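Report on the structure given below.
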Amino acid sequence: MKEGDTELLMEIARFETSVDVEKDYRIGWSWRHVRIWPATLSRLFKDGYLDNVFRSNSYTGYRLSEKAKALVLANQEKDTDDSQTAPLLKPSDDLFTDIIGHEDVKELLKATLLAEKPVHIMLTGPPALAKTLFLWDIEQTFGEQAIWLVGSATSKAGLWDLVAEREPKILLIDEMDKMNTVDMAALLTLMEGGRLVRAKRGRELDINNPLKVVAASNRLERLSPELRSRFAIRRLNPYSRSEFLTVVRGVLVRKENLVEEMAQDIASRLDGISQDVRDAIRVARLAPQVGVDKAISLLLGSEMNER
Ligand SMILES: Nc1ncnc2c1ncn2[C@@H]1O[C@H](COP(=O)(O)OP(=O)(O)O)[C@@H](O)[C@H]1O
Ligand SMILES: [Mg+2]
């Protein structure tokens with residue numbers, strides 16, 4: 001059981017007591033009713049805290065299991081003692097926590113993911129601004145419900161069949177600018193009406209539950225105006241100097257396991273030399289062998305001479 005799960009189950013119990021489960025939720029409630037991410041619910045289900053009372057392509061209905069009810073009861077008794085517990089952390093607050101900054105983009109994507117009907121989002125902008133990371137995080141949270149495509153690899157036979165078969169709720173497309181025109185055309189119809197023409201026998205997706213597309217692209221020029229107009233295009237701007245320092249420090253400490261001082265050192269020495277987080281990662285990886293200064297001059301020699 002993960003930290004916070006008990007609180008989630010208590011929250012669900014509160015929901016169940018606030019409604020008439022027998023009458024209004026005979027096929028169970030879904031993630032939308034309790035506002036908890038599907039992946040979290042499916043984990044609770046696997047752990048035996050939820051009963052899955054109904055399942056179709058478009059609806060998964062749950063109820064608290066007896067095991068969960070027992071746990072909730074035990075905690076309610078405890079709760080009366082220490083009622084001043086920390087505010088409940090919604091799992092949606094977990095999403096994107098490894099991404100530093102970009103707060104408005106996070107908010108936009110969360111709103112999109114919770115929305116009933118699709119709004120497609122395209123993240124665009126120069127490299128190393130966490131565009132791919134956003135897609136990754138969504139895939140992590142939504143698991144099976146998300147399908148990941150990379151533009152340059154789409155044309156592979158059977159790929160659209162996979163989309164038709166799995167009926168994902170979310171399509172994640174990275175490097176969209178590299179997608180070929182045929183696949184782009186297929187995507188066009190898919191985004192409009194949930195109809196998938198590239199799959200065998202023109203299989204149709206569940207139109208009542210059309211999918212959402214979240215895409216990333218360095219460039220927009222290669223995308224046709226029709227396709228562009230189907231997306232809300234969200235531009236990520238290059239980091240300012242202070243944002244770059246914060247992002248690099250965070251990434252080096254959390255992902256590259258550097259100590260805080262070392263991360264800070266690399267970040268400030270790169271200040272004015274590079275605005276690319278990937279440069280910082282490369283420096284961090286070579287620094288143990290040759291030192292920070294040398295790593296920077298080896299990797300970014302010409303840029304430094306140009307100054
Ligand atoms: N704001 C950020 N928060 C966390 N990591 C970041 C951020 N910006 C860049 N990175 C890191 O920089 C690298 C490149 O990010 P990526 O998502 O692949 O960029 P893009 O797809 O925009 O080119 C990754 O290692 C990522 O972890
Ligand atoms: Mg990328």
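The values are calculated or read from the model by the stated rules, or taken from the named source; none is laboratory data. The shown structure was predicted, so the numbers you read here are calculated from the model rather than taken from an experiment. Note: ideal-geometry Cβ built from the backbone for every residue, glycine included; neighbour counts use all protein chains shown. These area figures cover heavy atoms from the full protein model, side chains too; ligands, DNA and RNA do not enter into them. Shrake-Rupley method; radii C 1.70, N 1.55, O 1.52, S 1.80 Å.
Among the residues of the range 240-254, how many are more than 16 Å from A128 (Cα to Cα) and surrounded by 14 or more Cβ atoms within 10 Å (Cβ to Cβ)?
1
Which condition breaks for V150 when tested against (1) within 16 Å of ligand 1 (Cβ to nearest atom); (2) modelled with pLDDT under 90; (3) buried (at least 18 other Cβ atoms within 10 Å of the Cβ)?
(3)
I want to confirm something. Restricting to the range 103-147 and keeping residues that are open to solvent by 30 Å² or more (accessible area, probe 1.4 Å) and within 13 Å of ligand 1 (Cβ to nearest atom), which single residue is nearest to A164 (Cα to Cα)?
E139
Picking from N237, N257, N208, which residue would you name as being assigned to a loop (DSSP other than H, G, I, E, B), loosely packed, with under 13 Cβ neighbours inside 10 Å and modelled with pLDDT under 90? Spell out how you get there, then give the answer.
On the way: N237 fails: modelled with pLDDT under 90; N257 fails: modelled with pLDDT under 90.
Checking each option against the conditions leaves just N208.
Please tell me if L270 is open to solvent by 40 Å² or more (accessible area, probe 1.4 Å) and over 19 Å from I99 (Cα atoms). Steps first, answer last, please.
Working: open to solvent by 40 Å² or more (accessible area, probe 1.4 Å): no; over 19 Å from I99 (Cα atoms): yes.
Considered against the rule, which asks whether it is open to solvent by 40 Å² or more (accessible area, probe 1.4 Å) and over 19 Å from I99 (Cα atoms), L270 comes out as no.
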